[in-house]
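Written out below as structure tokens is the structure these notes cover.
The values are calculated or read from the model by the stated rules, or taken from the named source; none is laboratory data. It should be emphasised that the depicted structure is a prediction, and the values quoted were computed from it without experimental measurement. Neighbour counts run over all protein chains shown; Cβ positions are idealised from the backbone, glycine included. Just so you know, the surface numbers come from the protein's heavy atoms only, side chains and all, with ligands and any DNA or RNA stripped out. Shrake-Rupley method; radii C 1.70, N 1.55, O 1.52, S 1.80 Å.
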Amino acid sequence: MARAPHTLDAARAALAQLPGWQLEPRRPALVRQFVFSDFSAAFAFMTRVALLAERMNHHPEWFNVYNRVDVALTTHDAGGVTASDVEMARAMNDLAGLGAA
């Protein structure tokens, strides 16, 4: 079942609660870069997120090089950012040890 997209205003408002996240200028997506101390720390973060993503049935687009993980969150079947993306972004901040603002 498709999830209803956030309006652009709602997505912008959600960003106030998501330190480090931005709206992708080319498409409706939340984006962020996480930087860790080394590859093992980055991979451990990705593993924790992967387990959560399976439970949520909501999977990030991401790219990893050494200690960096670049993430984009969007809900393809809804055509934009949804509450699931906001929830995943918040959880990713928590899993990275960054918490809320």
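The one condition from (1) touching a residue at least 40 places away in the same chain (Cβ under 8 Å); (2) on the phi > 0 side of the Ramachandran plot that residue 93 does not meet is (2). Summed over segment 62-101, residues that are in contact with a strand residue (DSSP E or B) (Cβ under 9 Å, 6 or more places away or on another chain), of a type in the set (S, T, N, Q) and either open to solvent by less than 20 Å² (accessible area, probe 1.4 Å) or under 20 Å from residue 9 (Cβ atoms) (or both) total 4. For segment 21-49, the set of residues classified as of a type outside the set (A, V, I, L, M, F, W, C), open to solvent by 90 Å² or more (accessible area, probe 1.4 Å) and more than 14 Å from the chain's Cα centre (by Cα) consists of 25, 26, 37, listed by residue number. For segment 50-61, the candidate set comprises residues that are surrounded by 12 or more Cβ atoms within 10 Å (Cβ to Cβ) and closer than 14 Å to residue 91 by Cβ; within that set, the residue that is nearest to the chain's Cα centre (by Cα) is 60.
Just for strands (runs of 3 or more DSSP E) wholly inside segment 1-82: which have at least 1 residues that are under 17 Å from residue 98 (Cα atoms)?
30-35, 68-73
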